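Note sheet for the following structure.
The values are calculated or read from the model by the stated rules, or taken from the named source; none is laboratory data. The model shown is predicted, which means the values in this text are computed figures rather than measured ones. Quick reminder, even Gly has a Cβ in these numbers, built from the backbone with ideal geometry, and neighbours come from all protein chains shown.
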Amino acid sequence: MAVSDRITTADVVKVATLARLDLTPDETERLTAELDGMLEHFADMDALDLTHVQPMTQPYPLRNVFRADVVQPGLDRDEVLAAAPVAEDGRFRVPPIIGLDS
Amino acid sequence: MSDLAATPVTAAAIAAGVRDGSVKAVDVMEAHLARIAQREDEIHAFNLVLADEARAAAAAIDAAVAAGRDPGPLAGVPVALKDNMCTRGVPTTCSSKILAGWKPPYDATVVTKLAAAGAIAVGKTNLDEFAMGSSTENSAFGPTRNPLDISRVPGGSSGGSAAAVAAGFSAVSIGSDTGGSIRQPAALCGVVGVKPTYGYVSRYGLIAFASSLDQIGPFTTTVHDAALMLDVIGGHDPMDSTSIPAAQPSLVASLDRGVEGLRVGRITDLPDGADPDVLERLEAAFDALREAGATIVDVQVPAFANALTAYYLIAPAEASSNLARFDGVRFGLRVDAPDTNAMYSATRAAGFGPEVKRRIMLGTYALSAGYYDAYYGRALKVRRLIHDEFARAYQRAEVLLTPTSPTVAFPFGSKGDNPLAMYLCDLYTIPSNLAGHPGMSVPFGTGADGLPVGIQVLAGTLDEPTMFRVGAALERAAAHEGSAR
Amino acid sequence: MSESRPAAVQPTYTTSHIDFVEFEQGYELVVGLEVHVELATATKLFSASPNRFGDEPNTNIDPVTLGLPGALPVLNEHAVELAMRVGAALNCTIQACTFHRKNYFYPDMPKAYQISQYDQPLNVDGWLDLPGGYRVGVERAHMEEDTGKSSHVGGASGRIHGSDYSLIDFNRAGVPLVEIVSRPDIRTAEQARQYVTELRGILVAIGASDAKMEEGSMRCDANVSVHRAGTPFGTRCEIKNVNSVRSLGRAIEYEARRQIAMLEVGERVRQETRHWDENDGRTHTLRTKEDADDYRYFLEPDLVPLEPSPEWIERVRESLPMLPGARRGRLADLTGMPADGEAIMVVVERGQDQYVEAVGHLGGDIGRALVHVKEAFAEQGPEPTVPATDLALLTKLEVAGALTATQAKAVLAEIVANGGGDAEAIAAAKGFEAMDTSALEAMVDQAIAADPDAWAKFCAGEGKAMGALVGAVMKASKGQADGKAVTALLNAKKA
């Protein structure tokens, strides 16, 4: 598959769901055009021969970075819950979680 | 530049004066606050000015000095902090509605280090929302204006931090650089800006945009101040797994060694895009270094041109994951809804601006099932290619010189509706983020309309000492040029 | 774990190295188990927040636990040590590995991604042998962080369905987990129960976890499918919310029958995640595969690779204590009793096998000691307070015929009740006269003389004839003779 294959509105809607972003119909249309344009621009990557190239995820090669298993002071619950949108009973409150159990 | 010439301007001078008692930290702070009072309304460098806190901190520094205690290497130095770095109990917004008013319960490591060094936070500076942009026009709280010409952008994403130093609001400031967000605004505002080697400065407390690309660095008026700042904020942090373990040599110590015998690389296949005035300054920079005793060599980096593509797949991919935590559950904005899924989607739609949404969408797509190999996976390979080609170039030359920005500061709105036009601002800065190499922008004269041009000095991993040597040489040459005109 | 957890990704198997085992109606039941285990560390996997169960909500939190903007993970070295121990105990290859982000939205997931291991996990290709010797493959045992806990308010019996809102506690978020994924080698509900029980015993023995299903420090999900002989494995369903070993068996069999019933009427089994309801004894749809999230796995950029040195791996392997299976085997060798028999299973599970061996070292009869410990030491725990010497003496008296089995039991009860005691003294106090060997032998000779017919038949090989002789001795001794001792004497004289 090449980078420059078209991205469709259906793709955009699916991605918006994955990303939990409500989009207006205008936004959906605009984003489709913009992302499509970007991907077409990015097609320069298709021309490169990358068969023998290893991916690079981290610029500075470190290994085995650890922390000792010792408790350190944490956060004050009141301070944290004061910044919460909705708190109740020492916990973060959220609207009903969608589940499909019947 | 400053109308209150009584107090020293550079961090080095301020700290020296405060430490030996010849200058009062409160006087230094008043001078800076006065400049803020005069021009901040016009420039909007800050999301939040911490005037009272800063005055109190300055008084405490003076008291420490009077009591014979060591006030630290940056004693009394006013510093502005980009508003994507956590400051405990002080709003940290990333210039986004989704974090409007959020007060972190902890300090970023950089913030702690600066305070321990005696520097005084003067305010939180404006940025492109979540550090995504090259002009600070993407801020949810209004743009920052370039102090040298308020009809033009200061660059981005650290536009506020660059403007704060350029306008004399703070002696130094801190920004973050993921694709050029320190260097480019530094160039556009005529100040020094440095992105160190990835891992040089701790990212703990920096609100992440792209984890494998983000680095924190200083804006200053002099190369010496930048070295001083990095000596303070750099170093291993056990709270950041990607932080380089070994201690690094002092950069201040390497400044005056000159460039005699150094090889400075000219990238002959550098992608087009720079304006003629900018290219003229680059030539002048090569000339200046040659005169100072450096040798100019030609190098090639064929994959340079592919860096933008790789970056605009990798950075948004990581960002799409890093920004998923903004979900209205534990902090920040929440838009109520009948169930959590609806709450997520409504909250994020209301809280994020268009550029952020665009990048989240692009990043999510690049990682999604069926597309990972073609987009994100491939981009990681291009990244390796770029890194390796630069590594080969650094065998032929100790540093490379390029323009920092293709143009001088541009007018507001001039990049139009096409996001790609804006992305091209980072053409020359992006590759070093991908490779993890350090880069700095040094002001080197002016270009079109008398606006500043920045020259970018690039070096290999952990070769900041050489990079600073060359930066200092350019600074000397620029001053000489300036006085000769 | 919470109720609407999206289904994990598993490889597809189509052939089996295990001979067909019919479950019902010509179908074979195929089960793979995924067990999540909380590691017994002091702090969480990526932060220094306490790893403690039962504290007030949201008191074991820090920026990393809450996924606050700017927070970064740092790997707990002791968690790695314990995870390696799990791998070693399950005979895995321990290898260099990396961490990935598994991206999905859920309120108890503070970062909206879970840091886990994907294509390069720490431990791979191991196995676990069930007590009878049946081998279940372990595909992998990888490290990942736990989620917070949500409670649902307003619905029936605290379930999500019909709830008005939910409350989230992040104390558990970030606790280190090892996810142990078996190969689909399990063919019966009983094997599944044994697997989980044996696994628990191993985890406790190596100190990796307290593995308590009732506290959630061990959680078990079952992947269940059915198929007919000679056909590929069927579509599997993942069963969640199994909270005890007993439920596991019930849930597996229910699910297998549910699938068979569908297949028998020509319906296809849908690949989905199902929720086990202990109260109505059925599984219910939770999420279908179509609803499952795309996790967009990518390498965690905030962590660096983990490459345990060969020296570290070797040290971990060598530091393992003897595992339950080996302990059962050793006790079996010493006593001649079956390793998966009830006595040895129970005694090893209680951790009392070393005690039994000690009794043997002190000259006691180890076979008798095993049975006594199994019968009477249920309350004693792994370090019985009854001195081994006391039990050793008791068994010596039994062997010598000084005490009958019934008498020995009574003496033992008193020894246990008093935390020790001299068996001879107790027997005397109870009026159990030590029947010395010569007196017994005299009685045996008398019985033989009184019934030469029985004696002749017994010598000719009719074992039944012994009964009459033994009976005569018992009568003569007024029930005080030890039947085993009499039998031994008769056999000795016959020879």
Exactly one condition in (1) free of Cβ contacts under 8 Å to residues at least 60 places away in the same chain; (2) outside any helix (DSSP H, G or I) is false for C:Lys409; which is it? (2)
Which of (1) over 16 Å from B:Tyr312 (Cα atoms); (2) surrounded by 13 or more Cβ atoms within 10 Å (Cβ to Cβ) is the odd one out, the single condition A:Glu34 does not satisfy? (1)
Filter region B:392-420 down to residues that are closer than 15 Å to B:His437 by Cβ and among the polar types (S, T, N, Q), then give me how many there are. 3
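Tell me the residue from B:Lys97, B:Lys24 that is in contact with a Leu (Cβ under 7 Å, 6 or more places away or on another chain), of a type outside the set (Asp, Glu), over 26 Å from B:Ala186 (Cβ atoms) and surrounded by fewer than 20 Cβ atoms within 10 Å (Cβ to Cβ), please.
Values: B:Lys24 fails: in contact with a Leu (Cβ under 7 Å, 6 or more places away or on another chain).
One residue alone meets the criteria, B:Lys97.
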Scanning region B:56-83 for residues that are farther than 16 Å from B:Thr7 by Cα and in contact with a strand residue (DSSP E or B) (Cβ under 6 Å, 6 or more places away or on another chain), which turns out surrounded by the fewest Cβ atoms within 10 Å (Cβ to Cβ)? B:Ala57
Quickly run through region A:25-55 and pick out the residues that are part of a loop (DSSP other than H, G, I, E, B) and at the interface with chain B (Cβ under 7 Å from one of its Cβ atoms). A:Leu48, A:Leu50, A:Val53, A:Gln54, A:Pro55
Within region B:365-385, can you find the residues that are aromatic (Phe, Trp, Tyr), more than 7 Å from chain A (Cβ to nearest Cβ) and touching a helix residue (DSSP H, G or I) at 6+ places or on another chain (Cβ under 7 Å)? B:Tyr371, B:Tyr376
Can you spot a residue in region C:379-387 that is part of a helix (DSSP H, G or I) and either of a type in the set (A, V, I, L, M, F, W, C) or at pLDDT below 95 (or both)? no
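A quick yes/no check of all residues on (1) within 11 Å of chain C (Cβ to nearest Cβ); (2) over 24 Å from C:Ala71 (Cα atoms); (3) crowded, with 24+ Cβ neighbours inside 10 Å; (4) small (Gly, Ala, Ser):
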residue: B:Glu318; (1), (2), (3), (4): yes, no, yes, no
residue: B:Leu323; (1), (2), (3), (4): yes, no, yes, no
residue: B:Phe326; (1), (2), (3), (4): yes, no, yes, no
residue: B:Phe331; (1), (2), (3), (4): yes, no, yes, no
residue: B:Pro338; (1), (2), (3), (4): yes, yes, no, no
residue: B:Ser345; (1), (2), (3), (4): yes, no, no, yes
residue: B:Arg348; (1), (2), (3), (4): yes, no, yes, no
Evaluate region C:65-73: report whether one residue or more is within 25 Å of C:Ala211 (Cβ to Cβ) and of a type in the set (A, V, I, L, M). no
So, in region C:388-403, exactly how many residues are surrounded by 22 or more Cβ atoms within 10 Å (Cβ to Cβ) and of a type in the set (Val, Ile, Thr)? 1
Single unsatisfied condition, B:Ser176 versus (1) part of a loop (DSSP other than H, G, I, E, B); (2) crowded, with 24+ Cβ neighbours inside 10 Å: (1)
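If only one of C:Val269, C:Val304, C:Val242 is β-branched (Val, Ile, Thr), farther than 30 Å from C:Pro384 by Cα, crowded, with 16+ Cβ neighbours inside 10 Å and within 14 Å of another protein chain (Cβ to nearest Cβ), which one is it?
Working: C:Val269 fails: within 14 Å of another protein chain (Cβ to nearest Cβ); C:Val242 fails: within 14 Å of another protein chain (Cβ to nearest Cβ).
Within the list C:Val269, C:Val304, C:Val242, the selection yields C:Val304.
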Of all residues making up region B:87-129, the number that are touching a residue at least 60 places away in the same chain (Cβ under 8 Å), away from chain A (no Cβ under 14 Å) and hydrophobic (A, V, I, L, M, F, W, C): 10
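Select from region C:67-78 the residues that are more than 7 Å from chain A (Cβ to nearest Cβ) and either part of a helix (DSSP H, G or I) or within 34 Å of the chain's Cα centre (by Cα) (or both) and list them in ascending order.
Step one: list which residues in region C:67-78 are more than 7 Å from chain A (Cβ to nearest Cβ), which gives C:67-73.
Correct list: C:Pro73 only.
Mind counting the residues in region C:448-489 that are of a type in the set (Lys, Arg) and not in a helix (DSSP H, G or I)? Spell out how you get there, then give the answer.
Pass one, region C:448-489, residues of a type in the set (Lys, Arg): C:457, C:464, C:475, C:478, C:484.
From what is left, the residues that are not in a helix (DSSP H, G or I) are C:464, C:478.
So the answer is 2.
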Could you check region C:194-243 and list, in sequence order, the residues that are polar (S, T, N, Q) and over 26 Å from C:Gly133 (Cβ atoms)? C:Ser217, C:Thr231, C:Thr235, C:Asn241, C:Asn243
Here the qualifying pairs (Cβ atoms under 7 Å; residues six or more apart or on different chains; first in region C:159-171 and more than 7 Å from chain A (Cβ to nearest Cβ); second among the hydroxyl-bearing types (Ser, Thr, Tyr) and assigned to a loop (DSSP other than H, G, I, E, B)) come out as C:Asn171/C:Thr59
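Does any residue of region B:324-346 turn out to be under 30 Å from B:Glu389 (Cβ atoms) and part of a helix (DSSP H, G or I)?
No.
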Of the listed residues (B:Gly439, B:Gly370, B:Gly445, B:Gly416), the one being surrounded by 24 or more Cβ atoms within 10 Å (Cβ to Cβ) and of a type outside the set (A, V, I, L, M, F, W, C) is B:Gly439
Lone qualifier among B:Ile233, B:Ile216 - being within 24 Å of B:Phe390 (Cβ to Cβ), at pLDDT 95 or above, in contact with a helix residue (DSSP H, G or I) (Cβ under 9 Å, 6 or more places away or on another chain) and crowded, with 22+ Cβ neighbours inside 10 Å: B:Ile216
Answer residue from region C:86-119, given it is in a loop (DSSP other than H, G, I, E, B) and aromatic (Phe, Trp, Tyr) and is farthest from the other protein chains (Cβ to nearest Cβ) among those: C:Tyr118
Identify all residues within region B:375-398 that are aliphatic (A, V, I, L, M) and surrounded by fewer than 19 Cβ atoms within 10 Å (Cβ to Cβ); write none if there are none. B:Ala391
Subset of region B:343-371, residues within 15 Å of A:Phe42 (Cβ to Cβ) and touching a strand residue (DSSP E or B) at 6+ places or on another chain (Cβ under 8 Å), comes to B:Leu367
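Yes or no, residue by residue, for (1) basic (Lys, Arg); (2) within 14 Å of chain C (Cβ to nearest Cβ); (3) over 13 Å from the mean Cα position of the chain (by Cα):
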{"site": "B:Ser157", "(1), (2), (3)": "no, no, no"}
{"site": "B:Gly168", "(1), (2), (3)": "no, no, yes"}
{"site": "B:Ala171", "(1), (2), (3)": "no, no, yes"}
{"site": "B:Ile182", "(1), (2), (3)": "no, no, no"}
{"site": "B:Val192", "(1), (2), (3)": "no, no, no"}
{"site": "B:Gly199", "(1), (2), (3)": "no, yes, yes"}
{"site": "B:Gly217", "(1), (2), (3)": "no, no, no"}
{"site": "B:Thr222", "(1), (2), (3)": "no, no, yes"}
Starting from residues that are of a type in the set (S, T, N, Q) and more than 7 Å from chain B (Cβ to nearest Cβ), keep the ones in region A:56-77 and report whichever is surrounded by the most Cβ atoms within 10 Å (Cβ to Cβ). A:Asn64
Any chance region B:354-364 includes a residue that's at the interface with chain C (Cβ under 7 Å from one of its Cβ atoms), surrounded by 24 or more Cβ atoms within 10 Å (Cβ to Cβ) and either more than 15 Å from A:Asp22 (Cα to Cα) or without any contact (Cβ under 8 Å) to a residue 12 or more places away in the chain (or both)? no
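Restricting to helices (runs of 4 or more DSSP H) lying wholly in region B:1-85: which have 2 or more residues that are farther than 27 Å from B:Gly234 by Cα?
Numbers: elements: B:11-19, B:25-43, B:51-66.
Fully inside region B:1-85 and qualifying: B:25-43, B:51-66.
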